[in-house]
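The values are calculated or read from the model by the stated rules, or taken from the named source; none is laboratory data. Because the structure is a prediction, the values reported are computed rather than measured. No Cβ is skipped: glycine too gets one built from the backbone with ideal geometry, and neighbour counts run over all protein chains shown. Just the protein is used for accessible areas: all its heavy atoms, side chains included, with ligands, DNA and RNA removed. Shrake-Rupley method; radii C 1.70, N 1.55, O 1.52, S 1.80 Å.
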Amino acid sequence: MDRSDRESLSAALLELEDEINWDAAGMLERATRIERQARQLGDDLLVARARLSQANLHMRAGDLAGAARRIWKVHQWAAEHEARQLTARTHLVWAGIHRHLGDVAQCLEHSILSVELLDDDATEHMRIWHRAKLADALSLAGSMDAARLRYRQAADLARRLRRPDLQLAVLNNYAYAEFAAGHHEEAQSVAAWLQRHAEAHGFELDAALLDTIGAIQIENRQYATAERTLLSCIDRHYDGNQDDADALAEYLLTLARAQRCLGAYGRAQRSLNASRRLCAERELGHVLVKVHQEQAELYAARGEFAEAFAAHKDFFAAHTEQHSLRRQAQARTRQAMFETAEARQEAERFREQARRDPLTGLRNRRFLNEQLPGLIESDPELTVAMVDLDHYKRINDRLSHEVGDRVLVQVARLLERAAEDITPDAFVVRMGGEEFLLALPQTPAGRATAALDELRQTIKGHDWEPLTAGLPVTVSIGVACVGDFVEPAQITLLSTADRHLYAAKHGGRDRVVSSVTDSGQGSRAPAA
């Protein structure tokens, strides 16, 4: 096999990657076949692209777990090999997965990254559709002004690039976003734009477009027309191409609304039951919120007020959970204008928030996994220390979880101050629960161990009385240094620090253990 074979496979993958009409089963078979051929060629980039296409198709078909399992390795490979275009595509698929799971914050973060990574090598489809999907994420997060700008940019770009098919898809999403936000006049205006565009270019309206139009007809009290539109919508859904995992559940929900408004309560309940089953099968949390709400409306319309109240309670609980996620997302949407320097600085702030522990403000595991490999490779004097609070459960049990959280916050402050005193480039990570990690660049094991023992004493000697009412707060610390290993790696460095931490706990707690003698605070641990 030669260069022409690679070019042929690349072109076949591009058809899968840039397709907006979905036949998930047939396309998945093609993607699997292409992966086998790419492996025979030994082309890792083509293999990764084929696996990402498979993940995308699993997500589209509603197999979110299957999609997530497949995308991890692709994303890691793309990042390690600086495959910018592939990385942008992985973020778009991640955004879709999180949208289906109802995680608005993660959907928005990945959508932002999928746009930031666009460059001159991006396909026309990517340049248009990634911006449209960012607009979708912004509208889902409640930032409609920013979303409108993105929709119009995507539609204008599709017009300039002579892609009327993509312009139609963008206008559909735009109209639905206005409808979902309760802006019915704007939705009607965009829907009219969509219909003019379809007529001008000879397009037949597909299921997604008909659902958008039907929903807007309901708001205009055209209930019988809306029911006919939505029945046609569902027929077209079953005619051929598969839509997103949540598409049919949304279509059935819209149909149920039209039927309720018509007074056709039996038909409405059957449509709603079918939508609910799909939500359960596909874990569509964001759609299920609306199903609960519509069920309450349907019960009330039939005069079954006790049942309506119970359904409304289900809706309120689900809505509260979704609202919490939306509030997190809104912090990442402000001034999402990425063509300017100010916007890129804002985007960096969003990413910084994702790398912080919300309770203590310390760095989190995500930041550690990004930073530590490079430090290990470049700094032979790097030392890491695992720090664990002793008898932390006792504080929670005897006092309260609120007091326990306040203790964690105070310990975090003490760790940060101590780390900065040891070396200016140090950072502290909350690993989870009551466990922390200190990364100390250019700090050999001997000096680090002595400084960490001073930190141990500082924590023990802190005035905890006002907070813990006499309960002591101490820490055990396990230390490991890059210089202790012939071929250092993150897993061996952290496992050694963890083993030393275990030795400190086993030796009586409130002590530091490393590969060197530990200032008399416990026995020496075995050398790594």
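Going by the structure shown, is G432 under 37 Å from the mean Cα position of the chain (by Cα), at pLDDT below 90, under 26 Å from L375 (Cβ atoms) and open to solvent by less than 50 Å² (accessible area, probe 1.4 Å)?
It is true that G432 is under 37 Å from the mean Cα position of the chain (by Cα), at pLDDT below 90, under 26 Å from L375 (Cβ atoms) and open to solvent by less than 50 Å² (accessible area, probe 1.4 Å).
Determine, yes or no, whether R282 is over 25 Å from R228 (Cβ atoms) and among the charged types (D, E, K, R).
Criteria met by R282.
Are any residues in the stretch 142-155 within 11 Å of A181 (Cβ to Cβ) and open to solvent by less than 10 Å² (accessible area, probe 1.4 Å), and if so, which ones?
Across the stretch 142-155, the qualifying residue is only A147.
I'd like the residue in the stretch 3-31 that is at pLDDT 80 or above and of a type in the set (D, E) and, out of all such residues, is farthest from T90 (Cα to Cα).
Step by step, filter the stretch 3-31, then rank; the result is D5.
Name the helices (runs of 4 or more DSSP H) wholly inside the stretch 169-285 in which the number of residues that are at pLDDT below 90, within 30 Å of the chain's Cα centre (by Cα) and under 28 Å from D103 (Cβ atoms) is 3 or more.
Ranges flagged: 207-219, 265-282.
Counting only residues that are in a loop (DSSP other than H, G, I, E, B) and under 15 Å from E7 (Cα atoms), which one in the stretch 25-66 is least open to solvent (accessible area, probe 1.4 Å)?
Per the stated criteria, the residue is D43.
Of the numbered conditions (1) open to solvent by less than 10 Å² (accessible area, probe 1.4 Å); (2) farther than 30 Å from A198 by Cβ, A158 fails exactly one; give the number of that condition.
(2)
Residue by residue through the stretch 368-391, note down the ones that are in contact with a helix residue (DSSP H, G or I) (Cβ under 7 Å, 6 or more places away or on another chain) and of a type in the set (D, E, K, R).
D379, E381, D388
Taking the condition of being open to solvent by 20 Å² or more (accessible area, probe 1.4 Å) and of a type in the set (A, V, I, L, M), how many residues in the stretch 211-231 meet it?
So the answer is 2.
Do you know which residues across the stretch 85-115 are open to solvent by 30 Å² or more (accessible area, probe 1.4 Å) and either among the hydroxyl-bearing types (S, T, Y) or closer than 27 Å to P164 by Cα (or both)?
Q85, L92, R99
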